[in-house]
Number of protein chains: 2
Amino acid sequence: MNNISDAVIKRLPSYYRHLEKMLKEGITHISSYDLGKRMGLTPSQIRQDINIFGGAGRQGYGYPVQDLLEHIAKIIGITKTQNMIIIGAGNIGGAIVGYSSFIDSGFKTLAMFDVSEEKIGKKIKGVIVEPVSKLGEFLNNNDVKIAVIACPENQAQSIADILVSNNIKAIWNFAPIDLILPDSVVCVNVHLSESLQQLSFRLNNLI
Amino acid sequence: MNNISDAVIKRLPSYYRHLEKMLKEGITHISSYDLGKRMGLTPSQIRQDINIFGGAGRQGYGYPVQDLLEHIAKIIGITKTQNMIIIGAGNIGGAIVGYSSFIDSGFKTLAMFDVSEEKIGKKIKGVIVEPVSKLGEFLNNNDVKIAVIACPENQAQSIADILVSNNIKAIWNFAPIDLILPDSVVCVNVHLSESLQQLSFRLNNLI
DNA sequence: TAGATTGTTAATCGATTAACAATC
DNA sequence: TAGATTGTTAATCGATTAACAATC
């Protein structure tokens, strides 16, 4: 079950989303064929994937939706709430703290951090904005493993260094920069500009 | 030069970003070895990629940074400003219209659209919020090919249908749903929840 | 039991890496 | 010229798809 490939990891949340939807629709079991049709994958790939992350089906019957959903939730790690903090109380930071579906799937923002005097002390969607200078202290006093970097690019690396030295283990990075991090810290980038440029390329290279 | 694979398309904006940075640093030419070191790719892959999208180097010398940057900008399609609209004036929509770096790389938001009476008529970062009911009319009167879907999930598909029937050719989708679109329309998804879940998986499966 | 569908092995496909002659 | 480095072909690696025996 260990050593799940990158390709499979990227599909995991999509499995979760589709299974959740099916559960809501009252579907109790589903074949690799039908699940593949919903997700845009081949039945073969569905079966390979599910075997890799350790789900179990039944011949002639398919996969039990609820069991599979619970199993995936468990390996993703969203069965219990995980705390996070957001560095940068600007547009992106504000959008993330306000994006309610994160709460649904088990993530809770404890605090935001910014350098702007106007923002410090205020609340955004009920979450307090603290000064960046208190970042280390805050992390020492709270159980947080996930941090969101939504600050300007030129501060991102130094913020990351502070986070790492205060025991943050996962960084969700919105700054358009490749952070230098130790192997013991995981990172997922959301490079919005690059995503939009990808769209632009596809638009300008339509056949 | 045509039929650039998905893998290469995803790397294109990263090439652009790194080359732009190098140009600012005053680097005039670079070898596949050094570029690979900066981008975290092998020299082999750099050379393969550049050949695929039609750049040109010189043996014994490397690649001219400015030429390559201009070439990539051209095939991405960001040499001239491209208009876009945003559907949904909520958290995500607000963050995107405010994200100034999009303007730097040639994207201009002409208008936002929402259903909320409170938001309609107001301006966000200088951009007017129009009622969704005027979407079709607006698209008939303006040259826009790119639309951002940042509305609630349950409205996303019907919005997409309106966009498609009014000649939008590229959709940047932030709703957690797989849109059904004709082949003549390109789409890039930004599924934030899935991205965060990926981070969670990696955090919870660290060795 | 018969039909459906999994689990898993083998085959294929595509992407990455290695190698090296060409050449600046 | 000699050294560096590309462009490109071949080798490798990994991911996806196909096939089919096992079995519910």
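Every number in this text was worked out from the coordinates using simple rules, so none of it is lab data. All values reported here derive from a predicted model rather than from experimental measurement. With ideal geometry, Cβ positions are generated from the backbone for all residues, glycine too; neighbour counts draw on all protein chains shown.
The condition of being more than 7 Å from DNA strand C (Cβ to nearest atom) and touching a strand residue (DSSP E or B) at 6+ places or on another chain (Cβ under 7 Å) holds for only one of A:Ile87, A:Ile50, A:Ile72, that being A:Ile87. Does segment A:66-75 include one or more residues that are among the basic types (Lys, Arg), under 30 Å from A:Glu137 (Cβ atoms) and away from DNA strand D (no atom under 16 Å from the Cβ)? Within segment A:66-75 (the criterion being among the basic types (Lys, Arg), under 30 Å from A:Glu137 (Cβ atoms) and away from DNA strand D (no atom under 16 Å from the Cβ)), the answer is no, since none of the residues qualifies. Filter segment B:29-45 for residues that are outside any helix (DSSP H, G or I), in contact (Cβ under 8 Å) with a residue 12 or more places away in the chain and over 14 Å from B:Tyr63 (Cα atoms) and give the result. Correct list: B:Leu41 only. Residue pairs whose Cβ atoms lie under 8 Å apart, sitting 6 or more positions apart in sequence or on different chains, and linking a residue in segment B:176-204 that is more than 8 Å from chain A (Cβ to nearest Cβ) and buried (at least 19 other Cβ atoms within 10 Å of the Cβ) to a partner that is in a strand (DSSP E or B) and among the hydrophobic types (A, V, I, L, M, F, W, C), are B:Val185/B:Ala170; B:Val185/B:Ile171. Could you check segment A:117-143 and list, in sequence order, the residues that are surrounded by 13 or more Cβ atoms within 10 Å (Cβ to Cβ) and closer than 26 Å to B:Phe174 by Cβ? Once the filter is applied, which keeps residues that are surrounded by 13 or more Cβ atoms within 10 Å (Cβ to Cβ) and closer than 26 Å to B:Phe174 by Cβ, segment A:117-143 yields A:Lys119, A:Lys122, A:Ile124, A:Lys125, A:Val127, A:Val129. The single condition among (1) assigned to a helix (DSSP H, G or I); (2) within 10 Å of DNA strand C (Cβ to nearest atom) that A:Gly60 does not meet is (1).
Identify the residue in segment B:43-61 that is surrounded by 18 or more Cβ atoms within 10 Å (Cβ to Cβ) and more than 6 Å from DNA strand D (Cβ to nearest atom) and, among all such residues, is nearest to the chain's Cα centre (by Cα).
Of all residues in segment B:43-61, those surrounded by 18 or more Cβ atoms within 10 Å (Cβ to Cβ) come to B:46-47, B:49-50, B:53, B:55, B:57.
Okay, now just the ones that are also more than 6 Å from DNA strand D (Cβ to nearest atom), so B:46, B:49, B:53, B:55.
Numbers: B:Ile46: 22, B:Asp49: 20, B:Phe53: 18, B:Gly55: 22 Å.
Going through the qualifying residues, I end up with B:Phe53.
Among the residues that make up segment B:25-36, is at least one of them within 25 Å of the chain's Cα centre (by Cα) and within 11 Å of DNA strand C (Cβ to nearest atom)? Yes.
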